[in-house]
Amino acid sequence: MLYQRSSALFEEAYKYIPGGVNSPVRAFKSVGGVPIFMKSAKGAYLTDADDRTYVDYINSWGPAIVGHAHDEVVEAVKLQAEKGFSFGAPTELETEIAKFIIENVPNIDQIRMVSSGTEACMSAIRLARGYTGREKIIKFEGCYHGHSDSFLIKAGSGAATFGNPNSPGVTSGTAKDTLLAKYNDIEQVEDLFRHNQGEIAAIIVEPVAGNMGCVLPENNFLQNLRKVCDENGALLIFDEVMTGFRLGFGGAQELFNIKADIVTYGKVIGGGMPVGAFAARNEIMNKLSPRGDVYQAGTLSGNPLAMRAGLTTLQLIKNNPNFYEKLNKTTETLDFEIGKILNSKGIAHKINRKGSMMSVFFHTNRVSNFEEAADSNHSLFNNFFHQLLAQGIYLPPSGYETWFISDAINDTEIDKTLEAVRNFDYSDKVED
Ligand SMILES: *Cc1c(COP(=O)(O)O)cnc(C)c1O
């Protein structure tokens, strides 16, 4: 049996941890089978509890963009650890990372650090509401902005995988302040503004969606959102928890040349440590406590170990002028070559890709919103996932997730991946 020790560990974990995991998508519920327990990672590879190794296309859901346990990041964190883990007081390091980010990202004057993407998005809408004095927000079906109450309305991946988009525990009062529209459908957004005049504080959007699989903005969708917000005095929030420092150092704002009013970060910004952040121009950030009256706080916010891991990772990226070019090239190669192989097998598919984010949908047509992502052949994806896993390729365990490519993935790993795809036999069902 391939995953003997993982199975035993899962059984034991199940007794003490709800569902055996600390974050739902890890449980493999979507693809079936037993989640693989990992014990270490280095570069492009994960090693599981049974000592099997995998080329990693999750990369901790994005943060390990320079590869796992990069020597320079490990060294920097070790040195920092020797100075103490947390002081509950300000440090010079927090200013250093804030300054570095603000100088290298367009359109932000101040940044507040938090400990997760969820916290960043939750705080961003509070700030938007406090700033505009309005209560409603617009989000898009299939977009995920963390697990805070306001966002658990058709929230993509985790929620989509489990078929309970509206979680029990979210009050109807909260839900009614979250208005929903289809991704890439500007007319629905305009309708919402027409019917809720003067009430909408902000639109929050994944500028490239990653939580319904990778879905790209089309037909100037983002430009049009900017325009609608300007016309209606609402703020545009770019949730760049996935895209920040991944689509380029300046994220989606830079790539699409659009100014968001508030930007949220997470994942890459912490280099694998628990970090999130939100940022905006002075006028908006000055509303935040302790300077302003919109409250927000965190015991471990700006934690020195986390800041050190994040800053070192961001510096590694910044100091390598070809960083994104290589990532994008690797991803493009995977896209083209996997596409060729699937075509030669006569398997209908659609690969969506932007920068180093991609998804393989088993779909005959384009996938540009949640409905179309849901309409893919997910049981075929699950079969694909398990056959690749058995060959040492670790894909996200759901057809609603995005693959994240790291700088540590080179020709050897690409070849190994393509070989596994070549061996994929869709008539041979491994797992249900
Ligand atoms: C992962 C993610 C979040 C939530 O971040 P956590 O650190 O898991 O709380 C929010 N928004 C987007 C776009 C994400 O991908």
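Relative to its residue count, the chain spans a Cα convex hull of 141 Å³ per residue.
Are any of the pairs LYS287/LYS318; LYS29/LYS345; LYS227/LYS267; LYS42/LYS340; LYS15/LYS39 more than 22 Å apart by Cα-Cα distance, and if so, which? Going by Cα-Cα distance, LYS287/LYS318; LYS29/LYS345; LYS227/LYS267; LYS42/LYS340 fall outside the 22 Å limit.
Geometric descriptor of the stretch 71-318, per residue, is 126 Å³ (volume of the convex hull of the Cα atoms). With a 1.4 Å probe rolled over the protein heavy atoms of all chains, the accessible area of TYR295, TYR183 falls in the order TYR295, TYR183, largest first. Note that the stretch 1-139 presents 50 Å² accessible area per residue, ligands and nucleic acids not counted, probe 1.4 Å. Modelled this way, with points 7 Å down the Cα-to-C-beta line, the labels at SER172 and PHE100 are 5.0 nm from one another. In summary, the aspartates and glutamates within cross-link reach of LYS99, defined as a Cα separation below 17 angstrom excluding same-chain residues under 8 places away, comprise ASP109. Over the C-alpha atoms of the stretch 1-135, the Rg to Rh ratio, Rh being the Kirkwood estimate, stands at 1.05.
Where both bridge residues fall in the chain, DSSP classifies roughly 55% of the beta bridges as antiparallel. Take the Cβ atoms of THR47 and ASN224, set R0 to 51 Å, and the FRET efficiency comes out at 0.65. First measure r as the distance between the Cβ atoms of ALA81 and LYS318, then evaluate 1/(1 + (r/R0)^6) with R0 = 22 Å and state the FRET efficiency to the nearest 0.05. Efficiency, from the Cβ-Cβ distance: 0.40.
Sparsely packed loop sites in the stretch 371-432 (the trypsin sites (Lys or Arg not before Pro) outside DSSP H, G, I, E and B with at most 15 other Cβ atoms within 10 Å) comprise LYS429. Binning the alpha carbon pair distances of the stretch 30-100 at 10 angstrom intervals from zero yields the distribution 16, 34, 29, 17, 4, expressed in whole percent.
When each of the peptides 167-175, 391-399, 367-375, 218-226 is scored by how many other beta carbons lie within 10 Å of its residues on average, the order from highest to lowest is 391-399, 367-375, 218-226, 167-175. Computed 3J(HN,Hα) for the stretch 199-213, one whole-Hz value per residue from the Karplus formula 6.51 cos²θ - 1.76 cosθ + 1.60 where θ = phi - 60°, is 10, 8, 6, 7, 9, 10, 8, 7, x, 10, 6, x, 9, 10, x, glycine and proline marked x. Per residue, the accessible area of the stretch 226-336 comes to 37 Å², computed with a 1.4 Å probe over protein heavy atoms only.
Stretching the chain fully between ALA89 and ALA390 yields a gain of 103.6 nm (0.36 nm per residue, less the alpha carbon separation). Rolling a 1.4 Å probe over the protein heavy atoms of the stretch 185-324, with every protein chain left in place, gives an accessible area that is 45 percent carbon and sulfur.
The values are calculated or read from the model by the stated rules, or taken from the named source; none is laboratory data. Being a predicted model, the structure only gives us computed values, none of them experimental. We place every Cβ from the backbone using ideal geometry, glycine too, and count neighbours over all the protein chains shown. Calculation scope for accessible area: heavy atoms of the full protein, side chains included, ligands and nucleic acids excluded. Shrake-Rupley method; radii C 1.70, N 1.55, O 1.52, S 1.80 Å.
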